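J.: Just passing along the structure, written as C-alpha cells.
The values are calculated or read from the model by the stated rules, or taken from the named source; none is laboratory data. All values derive from a computational prediction rather than experimental measurement. Note that each Cβ is placed from the backbone with ideal geometry, even for glycine, and that neighbours are counted across all protein chains shown. All accessible areas refer to the heavy atoms of the entire protein, side chains included, with ligands and DNA or RNA removed. Shrake-Rupley method; radii C 1.70, N 1.55, O 1.52, S 1.80 Å.
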Amino acid sequence: MSVLSGKKIVLGITAGIAAYKTTYLVRQLIKKGAQVRVVMTPSSQEFVTPLTLATLSKNPVYSSFTNQTEDTLDWNNHVEIGLWADLLLVAPATANTLSKMANGVCDNLLLAVYLSAKCPVYYAPAMDLDMYQHPTTKNSFVKLSEYGNIQIPAAYGELASGLIGEGRMAEPEDIIAFIEKDILKKLPLKNKTVLITAGPTFEAIDPVRFIGNHSSGKMGFALAEQAANLGANVILVSGPTHLSVVNKQIKRIDVVSAQQMYEAVHTNFSTCDIAIFSAAVADFTPKKVAVQKIKKKEDVLSLELVKTKDILASVGAIKEKQFLVGFALETQNELENAKNKLKKKNLDLIVLNSLNDSGAGFGKDTNKITLITKDNKIIPFSVKPKTQVANDILQQIIDLTYA
Ligand code: CTP
C-alpha cells in the first residue's frame, strides 16, 4: 500500500505546457488511494480543461475566489482548502508562480491556498532552461526551501521551445515516487518495532466453553494501523476478534489464552522499541480444563480459577530500552488507580479509560482517554474515534521518545 493512500492532496496547476500531464498525475494519485482537489491558476486553464480534471479527480476544480452561476455567487474558501490538505503539490510550477510563492504575492486562489496551507508543500518546476538558470528563479528556490517547501527537481531533456536542457517538469510517476520516498523517509516511527497486544483472551473451561470478555480489539487494531502508517514495523499479538489488518507492515500473531499471549509477547519483546498493551487479558483462568464437555448433572457448578500471569508486569520487570505503555480500565478512583498501575508495572505511560465516561468502553468506535506519564503529567482528551485516539497515543509516545 502506498503512503499516499488516504492522503488528502491539493494539486495546484500553473500555466506551463506540462499542465497537460496533470491529467495523468491526478489519475495516478487517485490510483494510489489519495483524495485529490485541484486548484488552477486562471491561465493554466488554457493548457488543460477544468472539466477533465474535475472528472478525473471526482471533485470540483477551483480557480477563482468565487463561483458565479445564473442566480448564485459562491465563495471558494481558500483557507478551508488549504487546511483540508495533507499535502500541497504545485505541478507544473512556473517561474512566475514560484516567484510569487517566494515573495508572498497573493493574486489568485492557488496562491491564497498556498499561504493558508499548514501541510508540507511540494513543487515541480517547469520552465525553459534559461528561465530555470536565471538568478531570480534560483533565488525563489532558495527562499522556498527556507520556508520548508520541497522541490521535486526538474528533469533534463527536450523542452517545448525545442531547446534541450534542464527545466522539464519531472514525469508524473517520478513526482509520485519522489513524494512517497520523501514521506517514508520522514515517518517518525521508521525503523522502530512496535509490539501491541489487542482483544480479549478466552480461557477454556472444556472443549466448547470458555471465560471471555467484551473486548472487541478495535483500540489495539487502530493502534497497529496507525503505528504502521507512521512507519513502524508492527507485531500485533491479538486475542480472538473478528477484525482484520490492512497495512502490510503489521505482523499478526493470533492467540487465544492469556498463557499463549504471554508466550507470544515474550518471544518478541526483546526486539521491540515500544510495547503497547491494550489487550483485555483474563485475570483468572480455570485451574483444570475438562477434557470432555461438562454435563449439567448438578444444580450448581463450581469452577476453581487461578490467576493468569500479568504479561505487562512481567515485561515491566525485564524491560531495558523499551518504552512501555499500559491501559487501565477503571470505574472508581480512576487517576489514583491508574497511577498505581503505572508504578507497579514499571510503565512509561498509561492510558486511562474510565467506564464512567460516555463514549468510552468495549465494542464502541469511540474512546475517551487520559494519558498519564511516568513524571505524573496528566493529559486529558475528548471523546474521539478510536483511530484518532490511537494517533493521540502514538504522538505522545513520539514526543516523549524521539522528538
Ligand atoms: N494486563 C496484562 N496481563 C494481565 C492483565 C493485564 O498484560 N494478565 C495488562 C493490560 O493489557 C493493561 C494493563 O495490564 O494494559 C492493566 O490491566 P488491568 O486489568 O486494568 O489491571 P490489573 O493490573 O489486572 O488490575 P485490576 O484488574 O485489579 O484493575
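J.: Ignoring ligands, DNA and RNA, please state the percent of accessible area on the stretch 1-91 from carbon and sulfur, probe 1.4 Å.
T.: Of the solvent-accessible surface of the stretch 1-91, carbon and sulfur hold 53 percent.
J.: Determine the alpha carbon to alpha carbon distance for each of K118/K345; K190/K368; K7/K344; K118/K339; K181/K339 and list only those over 31 Å.
T.: Pairs exceeding the cut-off: K118/K345; K7/K344; K118/K339; K181/K339.
J.: Cut-off under 16 Å on the C-alpha distance; same-chain residues fewer than 8 positions from K21 excluded. Which lysines are left, in chain and number order?
T.: Within reach: K31.
J.: With a 1.4 Å probe and every protein chain kept in, tell me what percent of the accessible surface of the stretch 94-147 is carbon plus sulfur.
T.: 55
J.: Show me the trypsin sites (Lys or Arg not before Pro) within the stretch 40-148 that DSSP assigns to loop and that have at most 10 other Cβ atoms within 10 Å of their Cβ.
T.: The qualifying sites are K118.
J.: Here's something else I'd like to know. Would you mind working out the accessible area per residue for the stretch 180-321, using a 1.4 Å probe, and quoting it in Å²?
T.: Result: 55 Å² per residue.
J.: If the cut-off is 22 Å between C-alpha atoms, which lysines fall inside it for K364, apart from same-chain ones fewer than 8 positions away?
T.: Candidates past the 8-residue exclusion: K218, K384, K386.
J.: Quick one: putting +1 on the C-beta of Lys and Arg, -1 on the C-beta of Asp and Glu, what dipole do you get for the stretch 8-186 around its Cα centre, in Debye to the nearest 20?
T.: That gives the stretch 8-186 a dipole magnitude of about 580 debye.
J.: Within the P(r) computed for the chain, what percentage of the Cα pairs occupies the region above 38 Å?
T.: It works out to 39 percent of all Cα pairs.
J.: In nm, to one decimal, how far is the modelled label at N103 from the one at S64, with both set 7 Å along Cα→Cβ?
T.: Simple spin-label model gives 2.5 nm for this pair.
J.: What GluC sites (Glu not before Pro) in the stretch 2-92 are in a loop by DSSP, with at most 14 other Cβ atoms within 10 Å of the Cβ?
T.: Passing both the DSSP loop test and the Cβ count: E70.
J.: Also, I was wondering about something else. Please compute the contact order of the stretch 8-186 in relative form: average sequence separation of alpha-carbon pairs under 8 Å and at least six residues apart, divided by the residue count, as a percent.
T.: 22
J.: May I ask you to compute the full-extension gain from S244 to S314, defined as 0.36 nm times their residue separation minus their alpha-carbon distance, rounded to one decimal in nm?
T.: Length gained, S244 through S314: 22.4 nm.
J.: If contacts are Cα pairs under 8 angstrom and at least 6 residues apart, what is the relative contact order of the chain in percent?
T.: Taking the mean separation of contacting Cα pairs over the length of the chain, I get 11 percent.
J.: What are the residues whose amide H is under 5 Å from the amide H of A328, where those residues sit 5 or more places off or on another chain and H is modelled from the backbone?
T.: V351, L352, N353
J.: Over the stretch 358-403, give the accessible area per residue in Å² for a 1.4 Å probe, as an integer.
T.: 50
J.: Please give the peptides 244-251, 285-292, 268-275, 220-227 ranked by average Cβ packing (other Cβ atoms within 10 Å per residue), highest first, as a rough proxy for protection.
T.: 220-227, 268-275, 244-251, 285-292
J.: Using the alpha-carbon centroid of each, what span in Å lies between the stretch 247-267 and the stretch 22-86?
T.: First find each Cα centre; the distance between them is then 46 Å.
J.: Whenever you get a sec, compute what percent of the accessible area on the stretch 177-226 sits on carbon and sulfur atoms (1.4 Å probe).
T.: The C+S portion of the solvent-accessible surface of the stretch 177-226 is 60 percent.
J.: Within straight cross-link reach of K296, meaning Cα distance under 29 Å, which lysines are found once same-chain residues fewer than 8 apart are removed?
T.: The reachable lysines, counting only those whose Cα sits under 29 Å from K296, are K287, K288, K307.
J.: Continuing with the same structure: Could you do me a favour and compute the accessible area per residue for the stretch 1-127, 1.4 Å probe, result in Å²?
T.: Dividing the accessible area of the stretch 1-127 by its residue count gives 43 Å².
J.: Given the stretch 172-298, report the % of alpha carbon pairs whose separation exceeds 22 Å.
T.: Tail fraction, whole percent: 46.
J.: When you count, for each residue, the other Cβ atoms within 10 Å and take the mean per peptide, how do 373-383, 207-217 rank with the highest first?
T.: Ranking, from highest mean packing down: 207-217, 373-383.
J.: Moving to a separate point now. If you bin every alpha carbon distance in the stretch 8-186 into 10 Å steps from zero, what whole percent lands in each bin?
T.: 10, 40, 37, 11, 1
J.: Using alpha-carbon positions, what is the distance between the centroids of the stretch 322-385 and the stretch 155-207, in Å?
T.: 33
J.: For the chain, modelled as a GNM with alpha-carbon contacts under 10 angstrom, which of D130, D254, D310 fluctuates the most?
T.: D130
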